1. Give me a count of the residues in the range 187-207 that are hydrophobic (A, V, I, L, M, F, W, C) and either free of Cβ contacts under 8 Å to residues at least 12 places away in the same chain or over 19 Å from H73 (Cα atoms) (or both).
2. Go over the candidates M309, M285 one by one and state the one that is of a type in the set (A, V, I, L, M), at pLDDT below 95 and either surrounded by 15 or more Cβ atoms within 10 Å (Cβ to Cβ) or touching a strand residue (DSSP E or B) at 6+ places or on another chain (Cβ under 7 Å) (or both).
3. Quick one: would you say L23 is under 30 Å from P311 (Cβ atoms) and assigned to a helix (DSSP H, G or I)?
4. Among residues belonging to the range 11-24 that are surrounded by fewer than 14 Cβ atoms within 10 Å (Cβ to Cβ) and among the hydrophobic types (A, V, I, L, M, F, W, C), point out the one that is farthest from the chain's Cα centre (by Cα).
5. Scan the range 335-356 residue by residue and report those that are part of a loop (DSSP other than H, G, I, E, B) and either over 13 Å from V226 (Cα atoms) or at pLDDT below 95 (or both).
6. Read through the list (1) free of Cβ contacts under 8 Å to residues at least 40 places away in the same chain; (2) buried (at least 21 other Cβ atoms within 10 Å of the Cβ); (3) within 21 Å of L159 (Cβ to Cβ), then give the number of the only condition that L263 fails.
7. Filtering the range 218-240 down to residues that are in a helix (DSSP H, G or I) and of a type in the set (S, T, Y), which residue is surrounded by the most Cβ atoms within 10 Å (Cβ to Cβ)?
8. If I ask for residues that are outside any helix (DSSP H, G or I) and out of contact with any Ser or Thr (no Cβ under 8 Å at 6 or more places or on another chain), which ones from the range 196-217 would you list?
Amino acid sequence: MLNRLSLAYGVLAGTFKVRFIPLLLVWLYGGLRVAVWGAQALDNVLFPSLRRAKVERPIIIVGNPRTGTTFLHRFLVENRFGSGMHLYRSLYPSILLQKVLRPFLPVLEKVSPARFHQSAAHETNLSSVETDDVSVFFRYFDGFFLYGFFLAWDAEERLPMFDPNVRDTTGRDFDWLEAAWRRSMVAQGSSRIVAKLFSTGPRTPAFLKRFPDAHILYMVRDPVEVIPSTFSLVTGVLDKAFGYSTLPADVRDRYNERLYLALVDLFRRFHADWASGRIDRSRVMVVSYDRMMRDFDGLMAEMIPFFDMHPTEAQLAAIRTTAAEQRAYKSKHTYKLEKYGLDADRIRRDCAFVYETWLRDTPGEPAAAQKL
């Protein structure tokens, strides 16, 4: 961890010219980890049900950013298909600590990293259900977010640090996620977790080996829409926090190319496991973003049996209402490929396997399915 902290500080000081605040944040981070460690020890005493809690039949949403993962994650959690990790639960992964700090969340919002997000691209706050990769990031200062927001700026290419074939943190990460999910379930009185994990895409066979009763939803969307939208989201945060747009063009170009290749690689690694048969397809349902937008109720009619669930009347009503809203939805998030040096033809060539495997059908009438 010290090496990763040192590399990140080098980027912040050398690229973004921010020197003092990161040092303060390191001390705060160390204090938070000590507080979490102590509070988690007390959790085991104060919440005896934690010892009996088991992660069973988790619903895991996987896919590149901007493929509809957040919408589906929040819908399933809000309508009680399972419980999800709110951002403050990832930052403070102790039941005791969460209960103590919850009344102060409005104050903590003023220093929360969520304040750097543009609402049109991704609306979030400490009380929002968020990707579980955040929990790994704050526990180990590692993973998808560390590379995308920080280490991709380093003078040396650091992507091999996050390649499971070079440096495998799978066991460590899954152990932590299971512990965090157990606490989240007990805190929310739930028996099932709904999680969103970008980092599981390249590690799906390993995840299914560790959680063999998991139900995985793999979200897929046209890469020509996914990749520039992801750039807009990530660089929007970086611009607000560090002034991305003021950096020298050659530095931005190097970063943009690295981020682009990493996003393509996320598609490629899952596809390689899918095509080779290393993924048990009976445990994975591929979900089309376009279909989710135009035929949400038909999609849910197929998804609920996949979850092995029986929907309540309230859940069915929410599905019907959301289906109508989805068909009328118009995103306010706008972006241009040229701003990031992206080219639609290159994206289509580099992601040809995505189109050939999952996006052959052109948008049209929804596939036949019983509406809920």
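The values are calculated or read from the model by the stated rules, or taken from the named source; none is laboratory data. As the structure is a prediction and not an experimental result, all values here were calculated from the model. Here Cβ is always computed from backbone atoms with ideal geometry, including for glycine, and neighbour counts include all displayed protein chains.
1. Looking only at the range 187-207, we keep the residues that are hydrophobic (A, V, I, L, M, F, W, C), and these are 187, 193-195, 197-198, 206-207.
Among the residues that remain, those that are also either free of Cβ contacts under 8 Å to residues at least 12 places away in the same chain or over 19 Å from H73 (Cα atoms) (or both) are: 206.
Adding up the residues that qualify gives 1.
2. Values: M285 fails: at pLDDT below 95.
None of the other options fit; the residue is M309.
3. On the way: under 30 Å from P311 (Cβ atoms): no; assigned to a helix (DSSP H, G or I): yes.
The answer is no for L23.
4. Only one residue tops the list, namely F20.
5. At the first step, the residues of the range 335-356 found to be part of a loop (DSSP other than H, G, I, E, B) are 335-336, 341-343, 351.
Within the range 335-356, Y335, K336, G341, L342, D343 meet the criteria.
6. (1)
7. Here is the first cut: in the range 218-240, the residues in a helix (DSSP H, G or I) are 223-240.
Narrowing further to those that are of a type in the set (S, T, Y): 229-230, 232, 235.
On the way: S229: 21, T230: 24, S232: 22, T235: 21.
Per the stated criteria, the residue is T230.
8. If the condition is that a residue be outside any helix (DSSP H, G or I) and out of contact with any Ser or Thr (no Cβ under 8 Å at 6 or more places or on another chain), then F211, P212, D213, A214, H215, L217 are the ones that fit.
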